[in-house]
Amino acid sequence: MTLSSVSSSLLSLSVNNTIGNIRWTRKSFTEALARAFAHPAAVGVTYEISLPDGDWFCEVYKTGPHNYDYYIPETREQEARVFYDACKERRA
């Protein structure tokens, strides 16, 4: 997927286009993702997405040179792992 398609998918899943407590347009969220992946060592970013059943942490990650995908956990236990991994990366 391209960053634009990842952005469109996540925004269509979210409530009121809200990710990270910010209401986004597709263009602005795509640009934010592009900035996050601008560094050559960037592999993934974690966001909090507002879904109908509550707020969840999700990951957007690089799968190739210009390919990206996202992961939204299905259970709170899986989400705890996503959150733990994000915190661990920040401390490194």
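Quick note: the coordinates plus some simple rules give every number you see, no bench work behind them. Because the structure is a prediction, the values reported are computed rather than measured. So basically every Cβ, Gly included, is an ideal-geometry build from the backbone, and we count neighbours across all protein chains shown.
Filter the GluC sites (Glu not before Pro) in the chain down to the DSSP loop ones having no more than 15 other Cβ atoms within 10 Å, then list what survives. Intermediate results must be reported in sequence, preceding the final value.
Details: sites: Glu31, Glu48, Glu59, Glu74, Glu77, Glu79, Glu89; in loops: Glu74.
Those satisfying the criteria are Glu74.
What ranking do Thr25, Thr46 get, fewest neighbouring Cβ atoms within 10 angstrom at the top? Please list the in-between numbers first.
Values: Thr25 11, Thr46 19.
The order, fewest Cβ neighbours first, is Thr25, Thr46.
Where does each of Arg76, Arg23 land when they are ranked from fewest to most other beta-carbon atoms within 10 angstrom? Walk me through the numbers before you get to the answer.
Numbers: Arg76 10, Arg23 15.
Final ranking by Cβ density, sparse to dense: Arg76, Arg23.
Run the quick spin-label model on His39 and Thr75: label points 7 Å from Cα toward the beta carbon, then report their separation in nm to one decimal.
Those two pseudo-labels are separated by 3.3 nm.
Compute the Cα gyration tensor for the chain, then decide on rounded, prolate or oblate, letting a ≥ b ≥ c be the square roots of its eigenvalues: rounded whenever a/c is under 1.5, prolate when a/b is larger than b/c in the other cases, and oblate in all that remain. Don't jump to the answer; show the numbers that get you there.
Details: a/c = 1.67, a/b = 1.04, b/c = 1.60.
Oblate is the answer for the chain, as a/c is 1.5 or above yet b/c matches or exceeds a/b.
Which order results if Lys62, Lys27 are arranged by neighbouring Cβ count within 10 Å, fewest first?
Values: Lys62 15, Lys27 10.
Fewest-to-most Cβ neighbours within 10 Å comes out as Lys27, Lys62.
So if I place +1 on the C-beta of Lys and Arg and -1 on the C-beta of Asp and Glu, and nothing else carries charge, what would the dipole magnitude of the chain be about its Cα centre? I want it in debye, nearest 20. Please report the intermediate quantities before stating the final value.
Numbers: 10 positive and 11 negative charges, 78 e Å.
Using Cβ point charges on Lys, Arg, Asp and Glu, the chain gives about 380 debye.
In nm, give the distance between the simple-model label positions of Glu31 and Lys88, each being 7 Å from the Cα along the Cα-to-Cβ direction.
Here the modelled spin labels are 3.5 nm apart.
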